[in-house]
1. Using a Förster distance of 22 Å, how high is the FRET efficiency between residue 36 and residue 164, based on the Cβ-Cβ distance and rounded to 0.05?
2. At a temperature of 20 °C and a viscosity of 1.002 mPa s, determine how fast the range 1-100 diffuses translationally according to Stokes-Einstein, using the Kirkwood radius over alpha-carbon pairs as Rh; express D in µm²/s, rounded to the nearest whole number.
3. Please check: in the Gaussian network model of the chain (C-alpha springs, under 10 Å), which one of 167, 63, 23 has the largest mean-square fluctuation.
4. Compute a Gaussian network model of the chain, connecting alpha carbons closer than 10 Å, and tell me which residue from 77, 46, 232 fluctuates the most.
5. Please arrange 143, 93, 196 by how many other C-beta atoms lie within 10 Å of their C-beta, fewest to most.
6. Can you give me the distance in nm between label points at residue 151 and residue 19, each placed 7 Å from the Cα along the Cα-to-Cβ direction?
7. So for the range 118-254, considering every pair of alpha-carbon atoms, how many percent are separated by more than 27 Å?
8. Quick check: from the Cα gyration tensor, does the chain come out rounded (a/c under 1.5), prolate or oblate?
Ligand SMILES: N[C@@H](CCC(=O)NCCCC(=O)O)C(=O)O
């Protein structure tokens with residue numbers, strides 16, 4: 001199980017939103033499209049999987065990889081030792097994401113994290129976040145201007161410099177810097193000892209991390225799913241993730 005027509009099955013973390021006056025769970029098409037384009041089959045994972053432990057465990061045996069998507073919502077700060085409320089919180093997503101990350105790490109299942117997904121991988125591994133990057137006055141503006149059309153919001157705005165000999169530069173085939181988009185208000189304060197820094201922005205902010213002792217657990221602060229059909233960096237990232245998921249699938253066969 002877990003493979004559909006020789007394509008790996010990728011669990012995708014969704015967000016809880018109001019749809020009219022009802023609560024629903026959603027994922028943007030761009031994330032699902034990027035997986036399909038790279039040769040995987042996306043399977044959105046409902047938050048209800050956390051309602052009974054065996055539901056999550058059984059689902060995880062079917063999957064070959066996990067995509068942690070971006071979201072406007074922020075992780076509740078108590079998860080990384082801070083007090084206070086988060087105005088844009090999604091506690092059900094927090095619960096599912098942290099549960100899935102724990103299982104995926106235990107199984108050495110490939111993980112690819114994007115934006116909030118990077119922040120989830122960090123916090124799940126004992127790291128911490130700046131809750132409002134712009135208030136630190138340490139970094140340039142990393143938020144988008146949401147009054148602009150989407151194509152401009154997701155346009156490249158700063159460079160990232162990959163670490164030589166890291167997983168990211170291996171995936172990209174080079175440690176040369178490249179330009180990325182930026183649509184986040186929070187960022188990594190401390191990655192924690194389990195994570196390796198894979199890239200930084202010119203202002204020093206950590207832009208990519210990977211999990212040590214794991215074959216493929218990579219996360220980026222930018223949005224490679226945007227234009228993943230023709231952006232070369234995005235194509236390489238998704239191709240490497242899906243390749244890792246295929247390898248995982250073959251290895252887990254009895
Ligand atoms: N809320 C966090 C994470 C930002 C993030 O993931 N943005 C994604 C926006 C919607 C999308 O493209 O999926 C932060 O502000 O740092």
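1. Once the sixth-power term is evaluated, E becomes 0.10.
2. In µm²/s, the coefficient is 147.
3. Taking springs between Cα atoms under 10 Å, the residue moving most is 23.
4. Checking each option, the largest mean-square fluctuation is seen for 232.
5. Listing 143, 93, 196 from fewest to most nearby Cβ atoms yields 143, 196, 93.
6. 2.9
7. Tail of the P(r) past 27 Å holds 20 percent of the pairs.
8. Cα axes put the chain in the rounded bin.
Just so you know, all these numbers are worked out from the coordinates, no wet-lab data involved. Just so it is clear, the model here is predicted, and its values are computed rather than measured. Heads up, the Cβs are rebuilt from the backbone with ideal geometry, glycines too, and the neighbour counts pull from every protein chain shown.
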